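The values are calculated or read from the model by the stated rules, or taken from the named source; none is laboratory data. As the structure is a computational prediction, the values presented were derived from the model and not from experiment. Methodologically, a virtual Cβ is constructed for each residue, glycine included, from the backbone with ideal geometry; neighbour enumeration extends over all protein chains shown.
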Amino acid sequence: MGVLSVGFLRETTENYHLIAVDCWLTLKRRQSSSMEGISMDKGELELEIKRVFPEFSKPLIDEIVEAGVLKSVPPGEQIMDVGRHINEVPLLLKGKIKVYRPDERGNELFLYFLYPGDACALSLVCSASTGKSNVRAETLEECTMLNVPVKYMDSWMREYRSWYYYVLSTYRARLEEVLKTVDNIAFHKMDERLMQYLLKNQRASGSNQLHLTHQDIAYELNSSREVISRLLKKLEQKEWIKLGRNSIDILVDLKEKLDY
């Protein structure tokens, strides 16, 4: 009887141990899936890619589904940084990303925003050449992206016309954005650059209320906080904007004021 009791206790203990390990592994898998944002089956992912990237052909979508890794990234995360090797090209399915170039002193030169349906043209260029990023990309809100290994880029350019034309159109669109930034720096006064910046953020957020600090704007326009604060105050005196605590309410059509 005593021997049976010891054997029973040993077996019971082992079973509880196995159950505990299984529960722990299940929890880790769930946490991993939540962190990576893997919440779609293959069919759902194909439909989502087709919705966000309607120009992609069916064979290309099939390859992207097989090769890509679906991830969910919280706001404020750096997904690319200067000097960091580029191993994947992110295709944005949801959210918004800011792409900019920092300098050694902490100043930032804003380049462009990425929206659903976009890929970073500079990441495509860098992945095809040096393999290192020359820009920084930061998520501004919860983002869902499909990361595709760079090893597929060359073969897809040859095999899929829809990918070829998508990459070319991405280059063109991003080049136009960068040229606008260069034009603003070279040919426009700081007050005009500030208004352009506010207008771009208004369009990006879809709201007349921007949650920005004067220091944030100064960094991105490569200026000082004092200069930005003074110019914002002038815009407020004209009743074009209303300043709040870490917020700016746009009261007029800034594009109309710029064109005028």
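Selection of the range 235-259 for residues being of a type in the set (D, E, K, R) and either surrounded by fewer than 13 Cβ atoms within 10 Å (Cβ to Cβ) or part of a loop (DSSP other than H, G, I, E, B) (or both) yields K238, E239, R245, D253, E256, D259. Looking across the range 80-96, the residues that are within 12 Å of the chain's Cα centre (by Cα) and under 9 Å from N147 (Cβ atoms) come down to V89, P90, L91. Against the conditions (1) in a strand (DSSP E or B); (2) of a type outside the set (D, E, K, R); (3) closer than 16 Å to N134 by Cβ; (4) at pLDDT below 90, I79 satisfies every one except (4).
Could you check how many residues of the range 177-204 are of a type in the set (D, E, K, R), under 18 Å from Y112 (Cβ atoms) and at pLDDT 85 or above? Write out each step before concluding.
To start, the set of residues in the range 177-204 that are of a type in the set (D, E, K, R) comprises 177, 180, 183, 189, 191-193, 200, 203.
With under 18 Å from Y112 (Cβ atoms) added as a condition, the list becomes 177, 180, 183, 193, 200, 203.
Subset that is at pLDDT 85 or above: 193, 200, 203.
The total comes to 3.
Residues in the range 200-224 that are in contact (Cβ under 8 Å) with a residue 24 or more places away in the chain and touching a strand residue (DSSP E or B) at 6+ places or on another chain (Cβ under 8 Å): K200, Q202, A204, N208, Q209, L210, H211, L212, Y219, E220, L221, N222. Return a yes/no flag: does the range 97-105 have any residue that is closer than 30 Å to R193 by Cα, of a type in the set (F, W, Y) and not in a strand (DSSP E or B). For the range 97-105, residues closer than 30 Å to R193 by Cα, of a type in the set (F, W, Y) and not in a strand (DSSP E or B): absent. Residue selection: E177 satisfies the criterion of being assigned to a helix (DSSP H, G or I), under 26 Å from I97 (Cβ atoms), in the same structural domain as G76 (by TED's automatic domain parsing) and under 28 Å from the mean Cα position of the chain (by Cα).
Residues in the range 134-167 that are hydrophobic (A, V, I, L, M, F, W, C) and assigned to a strand (DSSP E or B): A137, C143, M145, L146, V148.
Scanning the range 56-73 for residues that are assigned to a loop (DSSP other than H, G, I, E, B) and at pLDDT 95 or above, which turns out nearest to the chain's Cα centre (by Cα)? Restricting to residues being assigned to a loop (DSSP other than H, G, I, E, B) and at pLDDT 95 or above, the top hit is F56. Against the numbered list (1) farther than 18 Å from F110 by Cβ; (2) over 29 Å from the mean Cα position of the chain (by Cα), L251 comes up short only at (2).
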